[in-house]
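Contents: one structure, followed by commentary.
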Amino acid sequence: MPASEGPLLLLGDSLTEAGPWEEAFPDREVVNAGVPGDTTADVAARLDDVVARRPGTVVLMAGTNESRRATVEQVVRGLEDILFQLRHELPDVRLVVTSVLPRERERADWIREVNIHVRQFAPTVKAEFLDLWPTFAEEDGELRPELTNDRLHLTDAGYAAWVHELRTLLG
């Protein structure tokens, strides 16, 4: 089976895990590989399972769980390593990396910096960068209150916005 015919695999943490992906993409086989609490190192440790699924498309969102304890450079390196390994192991996969979503405004500069670096790196591994920041962030970098109840996790409206952006990219 060509990679393009493999499942749509969503890889990340609790934000990914809680998503309504099967309902959002009823025309595709969907694998939800989101694990609550995962950091980029945790995601990297699970890549053998991802590769074994032979996905046609991988959508990666990780890094938010490190915003309190890791440097920008550590998270960027972690995301780059994941993307590099996925491209190496799955050369024909459609690879999408999303921006780290905004959280509380106190974390906005950290998240913006991570996203700038990942956006710049993505083309080097033939990955597409899906910038969710304009849809999800207030002017001050806070996660829009209508999309969250706790300044981190998404409401149904938040997932609807993410699904819209992802469907627009994936077609």
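The residue of segment 1-25 that is nearest to LEU90 (Cα to Cα), among those that are touching a helix residue (DSSP H, G or I) at 6+ places or on another chain (Cβ under 6 Å) and assigned to a loop (DSSP other than H, G, I, E, B), is ASP13.
Of everything in segment 62-78 that is assigned to a loop (DSSP other than H, G, I, E, B) and not hydrophobic (A, V, I, L, M, F, W, C), the residue that is nearest to PRO36 (Cα to Cα) is GLY63.
Considering GLU5, GLU17, GLU22, which residue is touching a strand residue (DSSP E or B) at 6+ places or on another chain (Cβ under 6 Å), acidic (Asp, Glu) and surrounded by fewer than 14 Cβ atoms within 10 Å (Cβ to Cβ)?
Values: GLU5 fails: touching a strand residue (DSSP E or B) at 6+ places or on another chain (Cβ under 6 Å); GLU17 fails: surrounded by fewer than 14 Cβ atoms within 10 Å (Cβ to Cβ).
It is GLU22.
Summed over segment 102-141, residues that are assigned to a helix (DSSP H, G or I) and either in contact (Cβ under 8 Å) with a residue 24 or more places away in the chain or crowded, with 20+ Cβ neighbours inside 10 Å (or both) total 18.
Scanning segment 7-21 for residues being among the β-branched types (Val, Ile, Thr) and free of Cβ contacts under 8 Å to residues at least 24 places away in the same chain gives a total of 0.
Each row is one residue, and each column tells you yes or no for (1) among the β-branched types (Val, Ile, Thr); (2) not in a helix (DSSP H, G or I).
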residue: ASP27; (1), (2): no, yes
residue: ALA33; (1), (2): no, yes
residue: VAL50; (1), (2): yes, no
residue: VAL58; (1), (2): yes, yes
residue: GLU80; (1), (2): no, no
residue: PHE84; (1), (2): no, no
residue: PRO91; (1), (2): no, yes
residue: VAL100; (1), (2): yes, yes
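Coordinate-derived values only; no laboratory data. Remember, it's a predicted structure, so these values are computed and weren't measured experimentally. We place every Cβ from the backbone using ideal geometry, glycine too, and count neighbours over all the protein chains shown.
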